[in-house]
4 protein chains.
Amino acid sequence: MGVTGVKKPVRVHRAGRDTCLTCEIDVFVDLPSTQRGSHLSRNLEVIAEIVEQGVSEPIKGLEVLAADICRRLLDRHEYATYAEVHIKGDYFLERSLPTGRRSIESYKLIARATHKRGDGLMKMIGARVIGMTACPCAMETVDEIQGNTLKQEGCLPTISHNQRNVTTAMLEVPEQFEVEADDLIEIVEASFSSPTFEILKRKEEANVVITAHRNPKFVEDVVRDNLALILKRYPQLPDDTVVTVRSESEESIHKHNAMAERVTTLGELRSDLV
Amino acid sequence: MGVTGVKKPVRVHRAGRDTCLTCEIDVFVDLPSTQRGSHLSRNLEVIAEIVEQGVSEPIKGLEVLAADICRRLLDRHEYATYAEVHIKGDYFLERSLPTGRRSIESYKLIARATHKRGDGLMKMIGARVIGMTACPCAMETVDEIQGNTLKQEGCLPTISHNQRNVTTAMLEVPEQFEVEADDLIEIVEASFSSPTFEILKRKEEANVVITAHRNPKFVEDVVRDNLALILKRYPQLPDDTVVTVRSESEESIHKHNAMAERVTTLGELRSDLV
Amino acid sequence: MGVTGVKKPVRVHRAGRDTCLTCEIDVFVDLPSTQRGSHLSRNLEVIAEIVEQGVSEPIKGLEVLAADICRRLLDRHEYATYAEVHIKGDYFLERSLPTGRRSIESYKLIARATHKRGDGLMKMIGARVIGMTACPCAMETVDEIQGNTLKQEGCLPTISHNQRNVTTAMLEVPEQFEVEADDLIEIVEASFSSPTFEILKRKEEANVVITAHRNPKFVEDVVRDNLALILKRYPQLPDDTVVTVRSESEESIHKHNAMAERVTTLGELRSDLV
Amino acid sequence: MGVTGVKKPVRVHRAGRDTCLTCEIDVFVDLPSTQRGSHLSRNLEVIAEIVEQGVSEPIKGLEVLAADICRRLLDRHEYATYAEVHIKGDYFLERSLPTGRRSIESYKLIARATHKRGDGLMKMIGARVIGMTACPCAMETVDEIQGNTLKQEGCLPTISHNQRNVTTAMLEVPEQFEVEADDLIEIVEASFSSPTFEILKRKEEANVVITAHRNPKFVEDVVRDNLALILKRYPQLPDDTVVTVRSESEESIHKHNAMAERVTTLGELRSDLV
């Protein structure tokens, strides 16, 4: 049992920079069925108190806050054997366009902590990023239809459908390991057909379009390329690190979405390489 | 005051066909400030009863149901001077692809009725349709960048960004006039760069992509083309028919949407022509 | 990989009654990483086709439709080893109030099917139901504060906070077993402090309030009572039937929700009894 | 035409305090139908630039930011005659419970600016607040049913249904007038049956319940009491100040909501008094 949808402002102090995130927090503990009546209510009270304390001072990251709340929950509920905390927050980073101009882009950070009494605490760091995909298949079929199959060097790519894509990448590690969310965001952005920007001058817009079409991807490709970059970026993380990547394209030619997801471990990804 | 979010199944009997729509209904009446206490509650009860009666037998259209509920509200609340009813429902139509294959596509019907005691009852018929736009500007800029400005007849259009677009068209008329929602849906679909489909074989997919790029449109163009088709389709409707068209593109190159809207009258549209 | 958010009208023929549900369908298959390029697109095409065929004729229940789509997916994708289908639909039932009046109430049906090649097909039947909870703890504390602890027989219950509660119950069984969704809805409604109704006359309203306060429940109690009724209602289902019950109260005294969930098996519930 | 759903972090410097709000911004300008083609795209670019500049330095309030963006839009689009900006942001305030304990509560700020070339700029300041209502009618009917009509002084109020209520209050004034959003939030909170809190100890919870039941209100009453407090609080604002109050209760005994709304002016409210 727990509480869901607690909205709190969270101050994150990271890399010398102080940011303030609007977060939504869900908190759960397991309770033995022998605990009833007013005890239940007291639990809710304790949960609320701990969340309140947790958000009152600057923290290092949402996953650190999640871990902290999770640990205090087990300390205060001596009859609980398990606690779980989910935190989501709106996040912003300054990005450079190829032209050098800078733009503030929005992201969603996702953090979780789970703690089974006796076992160590696990934390999960994730990010949800909006980008763009262009479809390789439509491109190929348009070429076939047009008898357009012998392409010259340097010519423009063929038209295709392209669309907004939302991709989430998450890593779950034992508490002592650190994963920087900004790195994950960078990895996800590098896996799209092209990243997207809130503000584009005309030439920049054309370049985003060209980049995306030179780099056509199915949702399945976005997931695969994400995993490859994660594998390369985190040699220091243990084999049992759980890696989840989910990519969803809001298909421009359909009213529904296309989706691919893989849940795996770094160990499995490493052995795929051999 | 009123109630919002009442979910009801509504059976529509139209053109010999019986369909069942899942609808969400909002109902409002104005109340003089002298009415207080338990009367207020009785009003809610009456509203609920009337909605219940209204949905119990097959009706001709959501706007007819809205008008019916609206009229009964004023009959039963003798001290109210105004009533308003909104109904939204999921709707489906079979569509033909250029290849002749058929596909069931989803839409949202929107109906409203407003009744000011003394004046006649007004009803509004609308539809929200999902389609696709391809951007004319990025296409032009890509050509400029590539020195690609002399185009041959019959060659493929230049790449651009394209995306899901959601467009809503609504007509508000005195009760005696009839507007068929299926016509409005057809008009909106004809105003996109291309309509979209739930199921596309490879060649059909390529053809949707080609159609969209041969027909690039800003949201502003979608609105303008919608209005032109509405003007042509409804010569029998009066000058003071209120026409609202709103088009929103979920831009593939941005994290935000582009939007255009025009609220006008058939009379104004007709005089623009002269 | 798969598609999400496919909207279709589904005709369900059950107990001599023909209803039409607006459904949202998600479909997934696993693909070996060696499958790439245009094959991926063909998969999406096959998925769409199968969904289209599945919804074209009246079916016995959403879980039967889910099972059917699931099986066809594995038939058509010979290299896939796993398929999964989720369907959600708006649903309505006529309910009797204690006064005998009848009211049409809205529910959400949830169906899933999963099929691992070689293993049998599993189907899940669930329902999401809106009801009402009154808090036992606040009631107790109000009494303490007021020195109100010696209560007479037949007197009114003490005030408390009460609120809208949303509870979901789901059973997952091998394909050959049948679970009637209407039964599950009845079980969930019986587990609230009181069921709720779209239309209530004044006395009915007062009776719902009295019922809820004579029957105060935490979200944890709603889950427990649900499980007890499920245990009693399904002696014929196997021990490994997975039972999931989740209850969330939109607490009137807080801006956040209270939530309880238990995922267990009928076997475990049966052994708790001994 | 315009852009919708632009997410930006906005730093607000007010009353010596620096807060950072996650905001969603919509921006519109009217365009003559003679403006077409690449001009349209340039407009979008200008809109994006201005939003970017607007959010780069601490501002005094969301309505000041909205006004600023609005003015710059007309400066840069010499052919536009009208501009409109909407901003919504998550907001937090520390609140004191009657026991003296403090709790961080969440709100939504709503700001708008509209500028018709030639006329002055209008700005709107609003807040959406979550609270609680207890129903006066059910209370009365329960008493009638129980023959409970002669109440003693000091005894507990009768049970009723109570629920989460969401109320929005907005004031629209010419640019030179100032309205402090924190005041509006205070007014809305004072208009509920009781304000609500993220964290309540047992006695505090009981007191919130008692307060709400001693102060039962229909949505219509919440609106009326809001308007009365606004009238009293803003003697300095002009008669043509537009006041909008909307209150929606997520009725615990129904699956739908009850809603009341009034759009009026301070002048009209003042003349009601005479």
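Rounded if a/c is under 1.5, else prolate if a/b beats b/c, else oblate: with a ≥ b ≥ c from the C-alpha gyration tensor eigenvalues square-rooted, which is region A:1-119? Taking the square roots of the gyration eigenvalues as a ≥ b ≥ c, region A:1-119 is prolate. The mean number of partner chain beta-carbon atoms within 10 angstrom of a residue's beta-carbon across peptide D:102-109 is 3. Legend: mean number of C-beta atoms from other chains within 10 angstrom of residue C-beta atoms, peptide B:127-138, equals 4.
Taking amide H as placed 1.01 Å from N in the peptide plane, the amide H of D:E178 sits under 5 Å from none that are at least 5 places away or on another chain. Select from B:L227, B:L74, B:L65 the residue whose mean-square fluctuation is largest in a Gaussian network model of chain B (Cα-Cα springs shorter than 10 Å). Result: B:L74 has the largest fluctuation of those listed. Pairs of Cα atoms nearer than 8 Å and 6+ residues apart set the relative contact order; for chain C it is 14 percent.
By the Cβ distance rule (another cysteine Cβ under 4.7 Å), the unpaired cysteines of chain A are A:C23, A:C70, A:C135, A:C137, A:C155. Computed over the Cα atoms of region B:123-220, pair by distinct pair, the Kirkwood hydrodynamic radius stands at 15.3 angstrom.
Ellipsoid fit via the Cα gyration tensor, chain B: semi-axes of 41, 20, 17 Å, each the root of five times an eigenvalue, largest first.
Projected over every direction and averaged, the convex hull enclosing the alpha-carbon atoms of region C:157-274 yields 8.7 nm². Sequence-ordered 3J(HN,Hα) estimates for region D:242-255 from the Karplus curve with 6.51, -1.76 and 1.60 and θ = phi - 60° stand at 7, 10, 10, 10, 10, 10, 10, 9, 7, 2, 6, 8, 10, 8 Hz, glycine and proline given as x.
Per-residue ellipticity at 222 nm, computed for the protein assembly as shown from helices alone with -39500 (n - 2.57) per DSSP H run of at least four residues, works out to -10000 deg cm²/dmol. Neighbouring Cβ atoms from other chains, within 10 Å of the Cβ of residues in B:216-225, number 3 on average.
Counted over all Cα-Cα pairs of region B:214-258, pairs farther apart than 16 Å make up 50 percent. Helix C:38-54 against the longest principal axis of chain C: what's the angle in degrees, Cα atoms only, rounded to the nearest 10? Long axis of C:38-54 versus the principal axis of chain C: about 60 degrees. Working note: Debye formula, equal point scatterers on the alpha-carbon atoms of the protein assembly as shown, no solvent; log10 I(q)/I(0) at q = 0.04, 0.06, 0.08, 0.10 Å⁻¹ is -0.21, -0.49, -0.93, -1.64.
Taking the Cα centre of region C:131-274 as origin and assigning +1 to Lys and Arg Cβ atoms and -1 to Asp and Glu Cβ atoms, the resulting dipole is close to 620 debye.
Computed over chain C with a Gaussian network model linking Cα atoms closer than 10 Å, the most mobile of C:I130, C:I145, C:I69 is C:I145.
Working note: Debye formula, equal point scatterers on the alpha-carbon atoms of region B:63-167, no solvent; log10 I(q)/I(0) at q = 0.11, 0.12 Å⁻¹ is -0.63, -0.68. Rounded to the nearest whole Hz, the Karplus-based 3J(HN,Hα) values (6.51 cos²θ - 1.76 cosθ + 1.60, θ = phi - 60°) of region C:202-214 follow the sequence 3, 5, 4, 4, 4, 5, 4, 4, 5, 3, 4, 6, 7, with x at glycine and proline. In order along region C:130-138, the phi-based Karplus estimate (6.51 cos²θ - 1.76 cosθ + 1.60, θ = phi - 60°) of 3J(HN,Hα) comes to 9, x, 9, 10, 10, 7, x, 6, 4 Hz; Gly and Pro are listed as x. Projected onto their three principal axes, the Cα atoms of region A:60-119 cover extents of 58, 17, 15 Å, largest first. Relative contact order of region D:130-274: 30 percent, from C-alpha pairs under 8 Å at least 6 residues apart in sequence. Using the Cα centre of chain C as the reference point, and only Cβ charges (+1 on K/R, -1 on D/E), how large is the resulting charge dipole? Debye, rounded to the nearest 20. Computed charge dipole of chain C: roughly 540 debye.
Only the coordinates and a few stated rules stand behind these numbers; no lab work does. Keep in mind it's a predicted model, so treat the numbers as computed, not measured. Cβ atoms come from the backbone with ideal geometry, glycine included; neighbour counts cover every protein chain shown.
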